[in-house]
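K.L.:
Once you've had a glance at the structure underneath, I'll fire off some questions.
The values are calculated or read from the model by the stated rules, or taken from the named source; none is laboratory data. As the structure is a prediction and not an experimental result, all values here were calculated from the model. Cβ placement follows ideal geometry from the backbone for every residue including glycine, while neighbour counts extend to all protein chains displayed.
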Amino acid sequence: MASGLTMDKIVSLARRRGFVFPSSEIYGGLGSSYDYGHYGVLLKENVKARWLEAMVQERDDIVALDSAIILHPRIWEASGHVGGFTDPLVDCRTCKKRFRADHLADEQCGRKPSKRPGETSECDLTEARQFNLMFETRVGPVEETGQRVFLRPETAQGIFVNFKNVAQLARRKPPFGIAQLGKSFRNEITPGNFIFRTLEFEQMEMEFFVPPDAADQWYRYWIDERVAWYVRYGLRQESLRVRPHDPDELSHYSSATSDIEYLYPIGWSELEGIANRGTFDLTAHAEASGTTLEWVDGGSGERYVPAVIEPAAGVNRAMLAFLCDAYDEEVVGDRERTVLRLHPEIAPVKVAVLPLIPRDAGIAERARALHQELRRVMVAEHDDGGQIGRRYRRQDEIGTPWALTVDEQTLVDETVTIRDRDTLAQERISISRAREHLLDRLAAPWAPPARG
Ligand code: GAP
């Protein structure tokens, strides 16, 4: 994260360039809920695609799954969510605000924001009570008689209840994993720090089934793998740390959990959790459903309930970390520029094609043709609006790694200028090789430039 970076700067850039908007804005907004605009969608899709590549495409031992969001309600009883997925809450009878009882030190009094809830003589806090984070709804046309169901608060349970299907049909034996990406929902009552904590969010979860005596070894393996993934896609090592949970922090299912934390503008906070869930989930679902959920070796007849190692990441939190780490401001010449130094494979747009003199028919035509050619293989933008300097700055702010400028010389020698977002170096390359040149640069390893 750049020094002096505030969440306000990220929120303002995200808004200004159409990455993220407050949800339901024309109705006054809905707290902890956001909509993603064009560049936000492209960025988010890139994060998900890189995760799926690393988890499934580049490995032989993980398969993909897309389970339903609304699952049988008994799943949430067996998983422990109906009984235990709660936050302790207190209400203030004076200001009518609601707070997490275990986070009072981080909250602001509703009347005097410089004070903590309970700190002033006017504060009148209720006793803490447990509040379940799952959103409830009903299946069926008649509200009173419909079946009570839940929007999933994690994608993981859809994986556990499909263990048998996948183990049989995908012909996998432990150690093997099932990866799932998708929306989850939590009735979070604490305001969320932009997209860090929201009511609905996307998760990237993978449940890795292993022989129980190998669980610890795989737990450590997945912590290292997941840190390496964030570094591979541009997060600086110094902005990441691994924090093992204290025993009193562990979830009901976990025997060990480590958070990969990122140094967000709000301080070190969880980006992803890696948990050793042991045999808790498969055992619980086997007992509740009456279906045996074991691994049986066809040859030796050996049978056991596999332990589960779970790297569970949030797409939106990852996106926020990539934005924070990439954000930079610098003065070039006498002008200030804001630039997102995103990894090219994470950047929403890979290349911008800019006709230097848009009213010149020859230049305009070559630029259009080049854009058409490039957009077949990567996200490419054509921009002919305004001065060239302004167009460069627009692309810098959305993190476009390269800009190709078509100018008068193009019409003479069939070359274009390629401008590098990070170094600002410009060189001329042949227009006929532009596509290969960009594909080579996209495939090349990339590391964030050192901070000045
Ligand atoms: N299956 C385990 C599980 O769900 P978690 O730590 O509660 O574990 C995993 O969630 C990840 O999901 C978190 O590390 C975070 O990135 C993301 N996440 C959780 N709650 C979130 C929320 N309300 N808003 C945005 N992301 C959230």
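K.L.:
Kindly check whether there is at least one residue in segment 435-452 that is farther than 26 Å from Asn46 by Cβ and either of a type in the set (D, E, K, R) or at pLDDT 95 or above (or both).
P.N.:
no
K.L.:
Where the second residue is more than 9 Å from the ligand (Cβ to nearest atom) and among the β-branched types (Val, Ile, Thr) and the first is free of Cβ contacts under 8 Å to residues at least 12 places away in the same chain and farther than 30 Å from Val20 by Cβ and lies in segment 301-318, which pairs have Cβ atoms under 6 Å and are six or more apart or on separate chains?
P.N.:
Arg303/Val296
K.L.:
So, in segment 108-135, of the ones that are in a loop (DSSP other than H, G, I, E, B) and within 22 Å of Val82 (Cα to Cα), which residue ends up farthest from the chain's Cα centre (by Cα)? Before the answer, list the steps.
P.N.:
Keep residues of segment 108-135 that are in a loop (DSSP other than H, G, I, E, B), which gives 108-124, 126-128, 133-135.
Then keep just the ones that are within 22 Å of Val82 (Cα to Cα); that gives 127-128, 133-135.
Values: Glu127: 35, Ala128: 32, Leu133: 20, Met134: 21, Phe135: 21 Å.
Residue satisfying both the conditions and the ranking: Glu127.
K.L.:
Considering only residues of segment 302-342 that are outside any helix (DSSP H, G or I), in contact with a helix residue (DSSP H, G or I) (Cβ under 8 Å, 6 or more places away or on another chain) and β-branched (Val, Ile, Thr), which is nearest to the ligand (Cβ to nearest atom)?
P.N.:
Ranking the candidates gives Val308 first.
K.L.:
In the list Gln387, Gln372, which residue meets the criterion of being over 27 Å from Tyr327 (Cα atoms) and not aliphatic (A, V, I, L, M)?
P.N.:
Details: Gln387 fails: over 27 Å from Tyr327 (Cα atoms).
Only one candidate qualifies: Gln372.
K.L.:
Can you tell which of Asp281, Asp297 is under 14 Å from Lys164 (Cα atoms), within 12 Å of the ligand (Cβ to nearest atom) and either in contact with a strand residue (DSSP E or B) (Cβ under 8 Å, 6 or more places away or on another chain) or modelled with pLDDT under 95 (or both)?
P.N.:
Working: Asp297 fails: within 12 Å of the ligand (Cβ to nearest atom).
Exactly one residue qualifies, and that residue is Asp281.
K.L.:
While we're on this one: Step by step: first the residues of segment 190-234, then only those that are touching a Gly at 6+ places or on another chain (Cβ under 7 Å) and over 26 Å from Gln168 (Cβ atoms), then the one that is farthest from the ligand (Cβ to nearest atom). Which residue is that?
P.N.:
Top of the filtered list is Pro191.
K.L.:
Oh, and also: Go through segment 161-191 and give me each residue that's in a loop (DSSP other than H, G, I, E, B), of a type in the set (Val, Ile, Thr) and over 30 Å from Pro22 (Cα atoms).
P.N.:
Initially, segment 161-191 is screened for residues in a loop (DSSP other than H, G, I, E, B), giving 161-162, 170-175, 186-191.
Next, from what is left, pick out any that are of a type in the set (Val, Ile, Thr): 161, 189-190.
Answer for segment 161-191, where residues must be in a loop (DSSP other than H, G, I, E, B), of a type in the set (Val, Ile, Thr) and over 30 Å from Pro22 (Cα atoms): just Val161.
K.L.:
I need the full set of residues from segment 162-189 which are polar (S, T, N, Q) and either more than 25 Å from Ala49 (Cβ to Cβ) or more than 12 Å from the ligand (Cβ to nearest atom) (or both), in order please.
P.N.:
Correct list: Asn162, Asn165, Gln168, Asn187.
K.L.:
Tell me the helices (runs of 4 or more DSSP H) entirely within segment 1-107 that contain at least 1 residues that are free of Cβ contacts under 8 Å to residues at least 12 places away in the same chain.
P.N.:
Those helices (runs of 4 or more DSSP H) span 7-16, 38-52, 81-84.
K.L.:
Just one of Ile346, Ile260, Ile357, Ile274 is surrounded by 22 or more Cβ atoms within 10 Å (Cβ to Cβ) and more than 16 Å from the ligand (Cβ to nearest atom); which is it?
P.N.:
Answer to the check: Ile346.
K.L.:
For the condition at negative phi, among the aliphatic types (A, V, I, L, M) and under 14 Å from the mean Cα position of the chain (by Cα), what is the one hit in Leu235, Leu169, Leu151? I'd like the intermediate steps shown before the answer.
P.N.:
Details: Leu169 fails: under 14 Å from the mean Cα position of the chain (by Cα); Leu151 fails: under 14 Å from the mean Cα position of the chain (by Cα).
None of the others qualify; the one that does is Leu235.
K.L.:
Additional query: Only residues in segment 154-178 that are closer than 16 Å to Ile309 by Cβ and hydroxyl-bearing (Ser, Thr, Tyr) count as the first member; pair them with residues that are away from the ligand (no atom under 11 Å from the Cβ) and assigned to a strand (DSSP E or B), Cβ under 8 angstrom, at least 6 apart or cross-chain, and list the lot.
P.N.:
Thr155/Leu181; Thr155/Gly182
K.L.:
Looking only at segment 383-402, decide whether some residue is of a type in the set (S, T, N, Q), modelled with pLDDT of 95 or more, in contact with a strand residue (DSSP E or B) (Cβ under 9 Å, 6 or more places away or on another chain) and more than 30 Å from Ala54 (Cα to Cα).
P.N.:
The answer is no, given that none of the residues of segment 383-402 is of a type in the set (S, T, N, Q), modelled with pLDDT of 95 or more, in contact with a strand residue (DSSP E or B) (Cβ under 9 Å, 6 or more places away or on another chain) and more than 30 Å from Ala54 (Cα to Cα).
Listed here are the residues, each with its yes/no results for (1) within 16 Å of the ligand (Cβ to nearest atom); (2) loosely packed, with under 11 Cβ neighbours inside 10 Å; (3) within 30 Å of Ala313 (Cβ to Cβ); (4) among the polar types (S, T, N, Q).
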| position | (1), (2), (3), (4) |
| --- | --- |
| Pro113 | no, yes, no, no |
| Gly118 | no, no, no, no |
| Glu122 | no, no, no, no |
| Glu127 | no, yes, no, no |
| Asn132 | yes, no, yes, yes |
| Thr137 | no, no, yes, yes |
| Pro141 | no, yes, no, no |
| Gly146 | no, no, no, no |
| Arg152 | yes, no, yes, no |
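K.L.:
Answer yes if at least one residue in segment 347-364 is over 30 Å from Met204 (Cα atoms), part of a loop (DSSP other than H, G, I, E, B) and touching a Pro at 6+ places or on another chain (Cβ under 7 Å), and no otherwise.
P.N.:
Checking segment 347-364: not a single residue is over 30 Å from Met204 (Cα atoms), part of a loop (DSSP other than H, G, I, E, B) and touching a Pro at 6+ places or on another chain (Cβ under 7 Å).
K.L.:
What are the residues in segment 233-257 that are in a loop (DSSP other than H, G, I, E, B) and surrounded by 14 or more Cβ atoms within 10 Å (Cβ to Cβ), if any? Reasoning before the result, please.
P.N.:
Pass one, segment 233-257, residues in a loop (DSSP other than H, G, I, E, B): 233-236, 245-246, 250-255.
If the condition is that a residue be in a loop (DSSP other than H, G, I, E, B) and surrounded by 14 or more Cβ atoms within 10 Å (Cβ to Cβ), then Tyr233, Gly234, Leu235, Arg236, His245, Leu250, Ser251, Tyr253, Ser254, Ser255 are the ones that fit.
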